[in-house]
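Step one of this worksheet: look at the structure below.
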Amino acid sequence: MATSVIDKKESGESVSDPAHLYTAHVPADCWPIVYSPIYNISFLGMEKLHPFDAGKWGRVVNYLKEAGMINDETIVVPREAEEQDLLLVHTKRYINSLKYSLVVASITEVPPVAFLPNFIVQRKVLRPFRLQTGGTVMAGKLAVDRGWAINVGGGFHHCSADKGGGFCAYADISISIKFLFQHVEGISKAMIVDLDAHQGNGHERDFMDDDRVYILDVYNRSIYPGDNYAKRAIRCRQELEIGTSDDVYLGTVQRSLQRALYEFTPDIIIYNGGTDILDGDPLGALSVSPQGIIERDRLVFATARSRHIPLLMVTSGGYQKRTARIIADSVLNLRSCGLIGREGDTVECTSNVE
């Protein structure tokens, strides 16, 4: 079996058991939906200097509360990923580089961050990312236990073991997969279904030549990051044209899922469900409607649930204020379709997907 980049650690590193990131017992009346208010980034308005909506995660949860689906007692609160957890994937050199505010400013693409004392950057910028990373790890284990889980945040797919970028400081997808491989019995093969508008070059670099991980990536060919080296890790690649709309997009996703699951049988699917495919997104440059996003999510969940493959969803990119409502509407639709439910609920995993 090939060795993954994330298995190659720098000499002298010691990595402790990250099992503390998963709460051993989650009450049956809790939804396998992971969220903390600390996910949201807000500091002196600096978060507004990047097109990413750094408060969308809280609005998603508020919409779900307003719909009566969840409350503070029925969602799962994650634990913050600590340095020893991050070292499951990241190099010590990369973690140390985040102690320099200039590096974090480059990763987040918010130049004024470079002038802040690093202790403030750690607390106001990086801590929310670490909470979301812990949330992805927790959601991965929940997906195995419950059949599905959603981390309302996460999906930092431009970050790899030794490099961040594109508003992604930690490689939460890679860390979650590594955790599952090392600590959860029966999980030895994973499929990443990356449907964010951008290429997921971070996890692609992490799992280059690792035959335990199958990567399906559907993205706009004309935008960031254009990482040709990372593309070598994609086993099912679909490059879209600017302005691609619902019919072409959904047909591409459906065919790609069918091909991927014909070629590979995973023990878990990690679904990077970015909403930057939405029409009008300033960075995604695609033209998928809100209903198209809802149908895309239904398609992915129906495909996984009908095959009894645990599914972890992270929300990734999305650069318009209305994406929070669309994510919430999509989750509500999954519930109304019978594709998600709490432990003990009757869930009919119906699917139109063959």
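Do we have residue 189 as touching a Pro at 6+ places or on another chain (Cβ under 7 Å) and either surrounded by fewer than 24 Cβ atoms within 10 Å (Cβ to Cβ) or hydrophobic (A, V, I, L, M, F, W, C) (or both) here?
Yes.
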Filter the range 270-295 down to the residues that are touching a strand residue (DSSP E or B) at 6+ places or on another chain (Cβ under 8 Å), under 30 Å from residue 179 (Cα atoms) and hydrophobic (A, V, I, L, M, F, W, C) and list them by number.
270, 277, 293
Looking only at helices (runs of 4 or more DSSP H) that fall completely inside the range 200-303, which ones have 2 or more residues that are under 24 Å from residue 185 (Cα atoms)?
201-206, 246-263
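Could you list, in sequence order, all residues of the range 77-105 that are basic (Lys, Arg) and under 19 Å from the mean Cα position of the chain (by Cα)?
Within the range 77-105, just 79 meets the criteria.
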Name the pairs: first residue in the range 109-122 and closer than 20 Å to residue 163 by Cα, second residue modelled with pLDDT of 90 or more and charged (D, E, K, R), Cβ to Cβ under 6 Å, at least 6 apart or on different chains?
118/99
Quickly run through the range 210-222 and pick out the residues that are among the acidic types (Asp, Glu) and either buried (at least 23 other Cβ atoms within 10 Å of the Cβ) or at pLDDT below 95 (or both).
217
If only one of 293, 242, 268, 277 is of a type in the set (A, V, I, L, M), crowded, with 22+ Cβ neighbours inside 10 Å and free of Cβ contacts under 8 Å to residues at least 60 places away in the same chain, which one is it?
293
Could you tell me which numbered condition residue 80 fails, if it satisfies all but one of (1) assigned to a helix (DSSP H, G or I); (2) at pLDDT 75 or above?
(1)
Residues of the range 245-263 classified as buried (at least 18 other Cβ atoms within 10 Å of the Cβ) and of a type in the set (Phe, Trp, Tyr), total:
1
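The rows are residues; the columns are (1) modelled with pLDDT under 95; (2) crowded, with 23+ Cβ neighbours inside 10 Å; (3) farther than 27 Å from residue 254 by Cα.
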site	(1), (2), (3)
139	no, yes, no
143	no, yes, no
147	no, no, no
169	no, yes, yes
174	no, yes, no
177	no, yes, no
180	no, yes, no
Could you tell me which residue of the range 168-183 is nearest to residue 98 (Cα to Cα), considering only residues that are out of contact with any Gly (no Cβ under 8 Å at 6 or more places or on another chain) and among the hydrophobic types (A, V, I, L, M, F, W, C)?
169
Filter pass, residue 332 being over 18 Å from residue 199 (Cα atoms), touching a strand residue (DSSP E or B) at 6+ places or on another chain (Cβ under 6 Å), not polar (S, T, N, Q) and not in a loop (DSSP other than H, G, I, E, B)
no
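The values are calculated or read from the model by the stated rules, or taken from the named source; none is laboratory data. Not measured: the values here are computed from a predicted model. In this analysis, Cβ positions are derived from the backbone assuming ideal geometry, glycine residues included, and neighbour counts consider all displayed protein chains.
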